[in-house]
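Notes follow once the structure below has been shown.
The values are calculated or read from the model by the stated rules, or taken from the named source; none is laboratory data. This one's a predicted model, so the numbers in the text were calculated from it and none came from an experiment. Ideal geometry is used to build each Cβ from the backbone, glycine not excepted, and the neighbour counts take in all protein chains shown. With ligands, DNA and RNA removed, areas are computed over all heavy atoms of the protein, side chains included. Shrake-Rupley method; radii C 1.70, N 1.55, O 1.52, S 1.80 Å.
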Amino acid sequence: MDKLEIEGGVRLSGEVSISGAKNAALPVMAASILGPGENLISNVPQLRDISTMGKLLAHLGMGYHQEKGKVILQSKNIKAIEAPYDYVKTMRASVLVLGPLVARTGEARVSLPGGCAIGARPINLHTMGLEKMGAKITLSRGYIRAKAKKLRGATIYFDIPTVTGTENLMMAATLAEGQTILENAACEPEVVDLANALISMGADIQGAGTSNIRINGVSKLKPLKYRIIPDRIETGTFITAAAITGGEIKIRNCSPTHNEALINKMRETGTEISAKKNTLVVRGPERPSSEDIKTMPYPGFPTDMQAQFMALMAVADGTSMITENIFENRFMHVAELRRMGADIRVEGPTATVKGTKTLKGAPVMATDLRASASLVIAGLAAQGTTVIDRVYHIDRGYQCIEEKLGGLGARIRRVR
Ligand code: EPZ
């Protein structure tokens, strides 16, 4: 099991380039099921989750090839309609093949994802929507089975704005008979990126990025050729790393408009951020001031940045209240930050973080993707050495994090 070893105390400086968005690339890869032929996706990050999705699509009979930032998916023949538990248990986003498979072949069997570190994460809204579109849904031996000769357009109301739920049903609706309306849909930039990819295939979609999306079904779609947007969570992670170390960095190939909630909040902590078209310059304060956050669906403060922001607040001048409204168990990083000397008390969905002057390096353990990012951020500022175990969590969502941070002057190395 690899570990990351970080010697804290270096003010980051220099430039870093942001990779393509994992959570946009995953649904766009699944969308290639809908366009028989050779699909080409560029600016795809080289991550474990991406290769897991590629292997799953290959399991369905598609050709999968990835080199550097390009993915080629040959979807002429779909030979299987089942997403086995082995894939789904390592990556919940495997559920994104459900909608496209039913739309393309009339049937799909997808293993129920099961829980994960941050919560139960059911997919009831995904199946509710497919049912409304005429699919027969059965659950047997841990597998969801959806069957429909031809999906029909329907009006679907999400009682919670679900990102992958919106994406699954948007994909299913592109080949359905008639119009589908998704109400209280997720507005994340990754949803918009998927919609743009589908539109480039010939889909008829309006309103992506708002909570009301209309899809008029078409008879067929052509293969996609699409470039993925930058990863706004990787961007936010580097903004926070610059802030906590009091450094000054330039972040290239990012989309500042996708990080507005975080940038506004970081400015309130005393972090100076100037934004140009696809570049950010971030200058960290001597010591951040404490600020409260509540995670919300986009465009609110992103839940995927909550753990990283908490690491920053752990050394802030004052007390901050951090409320996690999206997932019921997304405070796994608290115990690990406490081992580094953070003063954090959790009560239900709210963590009270009393800033201390410094954190102390310690051996800690990553528990989920973003929690591990928060431990890296804390390690960058801590006195002494921090060793993070189970870094495979980090490799799921961050491409070459030690190279990128090392390029900014951080003393960080991977220990095999
Ligand atoms: C997506 O997960 C992201 N993953 C997550 O990023 C992100 O944290 C999350 O959206 C919220 O922004 C991908 O895009 C691959 P949801 P998703 O459905 O779609 C409840 C990362 O770090 N819900 O928007 O699974 C659910 O339990 C990952 O890269 C239902 O109750 O999240 C949660 O409380 C972690 N029933 C809330 O909605 C459903 O059918 C939002 O979940 C679906 C969701």
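Brief remarks on what is shown
- Screening Tyr85, Tyr64 for residues that are touching a residue at least 40 places away in the same chain (Cβ under 8 Å), away from the ligand (no atom under 13 Å from the Cβ) and surrounded by fewer than 24 Cβ atoms within 10 Å (Cβ to Cβ) leaves exactly one candidate, Tyr85.
- The set of residues from the range 113-143 being in contact with a strand residue (DSSP E or B) (Cβ under 8 Å, 6 or more places away or on another chain), within 11 Å of the ligand (Cβ to nearest atom) and either modelled with pLDDT under 95 or acidic (Asp, Glu) (or both) comprises just one member, Ile123.
Listed here are the residues, each with its yes/no results for (1) more than 16 Å from the ligand (Cβ to nearest atom); (2) open to solvent by 60 Å² or more (accessible area, probe 1.4 Å).
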site	(1), (2)
Pro285	yes, no
Ala307	no, no
Asp317	yes, yes
Met321	yes, yes
Gly341	yes, no
Arg345	yes, yes
Val353	yes, no
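- Residue match in the range 250-267 (condition: within 19 Å of Ile377 (Cα to Cα) and free of Cβ contacts under 8 Å to residues at least 24 places away in the same chain): yes
- When residues in the range 294-305 are screened for being near the ligand (Cβ under 9 Å from one of its atoms) and in a strand (DSSP E or B), 1 of them pass.
- The condition of being surrounded by fewer than 19 Cβ atoms within 10 Å (Cβ to Cβ) and more than 19 Å from Lys404 (Cα to Cα) holds for only one of Thr279, Thr271, Thr295, Thr257, that being Thr257.
- Selection of strands (runs of 3 or more DSSP E) fully inside the range 1-79 by the criterion of at least 2 residues being of a type in the set (A, V, I, L, M) returns 3-7, 38-42, 70-74.
- For the range 155-178, the set of residues classified as away from the ligand (no atom under 16 Å from the Cβ) and surrounded by fewer than 20 Cβ atoms within 10 Å (Cβ to Cβ) consists of Thr155, Glu177, Gly178, listed by residue number.
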